[in-house]
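Input: a single structure, listed below in structure tokens.
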């Protein structure tokens, strides 16, 4: 589904500094696979999502989605960001339909689907409410509906539950898994929470700090459907330990180096 | 009911009561200390004089209102497109923004006589002074609002390959509306000040002219009447802009209340 080959991205900040965001990324994501990307802040995770979406061009290497080289934005994606970024003047229903309008599709043929998605995400009866009347978690559910309404093959998620409190976050993760099991899609999910990365994924891609490189790709061999109970599973702990050491080991090495 | 009643008392009765108390104190002080009428007239004298001059005052009020609204309208017509250009084109931003700031650093009172020289003593010169003071907050606030659209929404639009125009109409402009209105609220008050300043510099019409000529004839009560009408106009115009804001972006008012 997604094929990244030796992808490198360097960009210039407004102040004129060069930032080497990601380096030498080679990765294959299979159709309907749930891949999570975990790493410390500033390891170019978000940049990688934008590269896959065609929102920014790669400096080197090629990105293919469904065997086609990505040369610019393409509408077969759904986005979920850290903040719901709903339009405050639109009702819940109209916020879901936003994608359809922006894509220039016939609204009428998507209304039923919008209602169906709203009830799938537990928002039935909230159609005519405004975003300000909903909690953060509910707003993010609306954003999920907005990302799914045009039935994209690929979902790109940039720390979508990062702004929620711990309990809502867990609930939303399970909710997302339930939706995904109901209608499979390829999901590329960025997070800095290691347990979240393991709980959701078929494979976890572990990244190192700037420039972001792939330290390890971990197959998560845990049964589905998953629950938070899994966190007490020995395998879960082992995965968690492996990821932690990948992320932190190089840093401590460097710290020792600077101390010496 | 008692709660909303106490809120009504707090929001309306209390300030109104204070105002009435001040007026009564004023009247009493005037009588007790025998303040000369040409320095500070009593409220009763102001009311009487204003009533006496009511027809002429209404005429002059219309003139000032027209100058204010025309200048305000012009500042919207020029300010909003300018804000759009500044936000969408980095080249224009670098070219125009410093100039706009420079025009703001020139005291408008200082250029009003020059404007009169160019545009004559008619309403046009007042309108232009009103425009010059009012357009700055509109440009700055609208531009800030347009630039405040969350990056994520712009990414979303780009990934859907939505046209710039559609993104502007459906996302950026509505997103900027609360900013635009806060600019309008400042601008409408400034426009009125600009119109009066223009009248001060040279005119034979408008409330500014009335204040100037009344004081030169030692008719302080009439001058106070005109000042009262100007304040009333400012309050009503401001309230009207606030009302339009509530109608156009009700979501914003609701968010503010939370």
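A few notes on this one:
- The lone exception for residue A:105 - which of (1) surrounded by fewer than 18 Cβ atoms within 10 Å (Cβ to Cβ); (2) not in a loop (DSSP other than H, G, I, E, B) it fails: (2)
- The single condition from (1) at pLDDT 90 or above; (2) at positive phi that residue B:120 fails is (1).
- Flag if residue B:71 is modelled with pLDDT under 95 and closer than 27 Å to residue B:222 by Cβ: no
- Boolean, residue A:54 is within 14 Å of chain B (Cβ to nearest Cβ), under 23 Å from residue A:191 (Cβ atoms) and in contact with a strand residue (DSSP E or B) (Cβ under 7 Å, 6 or more places away or on another chain): no
- Qualifying residue in segment A:11-28 (condition: at pLDDT 90 or above, out of contact with any helix residue (DSSP H, G or I) (no Cβ under 8 Å at 6 or more places or on another chain) and buried (at least 19 other Cβ atoms within 10 Å of the Cβ)): yes
- Those helices (runs of 4 or more DSSP H) of segment B:81-187 in which 2 or more residues are away from every other protein chain (no Cβ under 13 Å) and either surrounded by fewer than 20 Cβ atoms within 10 Å (Cβ to Cβ) or without any contact (Cβ under 8 Å) to a residue 40 or more places away in the chain (or both) occupy B:90-105, B:108-119, B:123-147.
- Candidate set: segment A:41-77, residues that are touching a residue at least 40 places away in the same chain (Cβ under 8 Å), in contact with a helix residue (DSSP H, G or I) (Cβ under 6 Å, 6 or more places away or on another chain) and outside any strand (DSSP E or B); chosen: the one farthest from residue A:8 (Cα to Cα): A:75
- When A:113, A:15 are checked against the criterion of being away from chain B (no Cβ under 14 Å) and assigned to a helix (DSSP H, G or I), a single residue qualifies: A:113.
- Every listed requirement among (1) free of Cβ contacts under 8 Å to residues at least 40 places away in the same chain; (2) crowded, with 21+ Cβ neighbours inside 10 Å; (3) away from every other protein chain (no Cβ under 13 Å) is met by residue A:119 save one, (2).
- Considering A:74, A:98, A:81, the condition of being within 11 Å of another protein chain (Cβ to nearest Cβ), under 20 Å from residue A:149 (Cβ atoms) and touching a strand residue (DSSP E or B) at 6+ places or on another chain (Cβ under 6 Å) is satisfied by A:81 alone.
- In segment A:195-210, the residues that are surrounded by fewer than 20 Cβ atoms within 10 Å (Cβ to Cβ) and in contact with a strand residue (DSSP E or B) (Cβ under 9 Å, 6 or more places away or on another chain): A:202, A:203, A:210
- Within segment B:57-68, the set of residues being closer than 13 Å to residue B:223 by Cα and free of Cβ contacts under 8 Å to residues at least 40 places away in the same chain is empty.
- Any chance residue B:100 is assigned by TED's automatic domain parsing to the domain that holds residue B:181 and over 30 Å from residue B:176 (Cα atoms): no
- Scan of segment A:84-95 for residues that are within 14 Å of chain B (Cβ to nearest Cβ) and not in a loop (DSSP other than H, G, I, E, B), ordered by number: A:92, A:94, A:95
- When the helices (runs of 4 or more DSSP H) confined to segment B:198-258 are screened for residues that are under 19 Å from the mean Cα position of the chain (by Cα) and in contact (Cβ under 8 Å) with a residue 40 or more places away in the chain, those reaching at least 2 such residues are found at B:207-216, B:220-248.
- Restricting segment B:223-250 to residues that are within 14 Å of chain A (Cβ to nearest Cβ) and surrounded by 18 or more Cβ atoms within 10 Å (Cβ to Cβ), the residue that is farthest from residue B:39 (Cα to Cα): B:249
- Residue B:20 closer than 30 Å to residue B:147 by Cβ and free of Cβ contacts under 8 Å to residues at least 60 places away in the same chain: no
The values are calculated or read from the model by the stated rules, or taken from the named source; none is laboratory data. Only a predicted model underlies this, so the values are computations on that prediction, with no experimental measurement involved. As a convention, Cβ positions derive from the backbone with ideal geometry for all residues, glycine included, and neighbour counts pool all protein chains shown.
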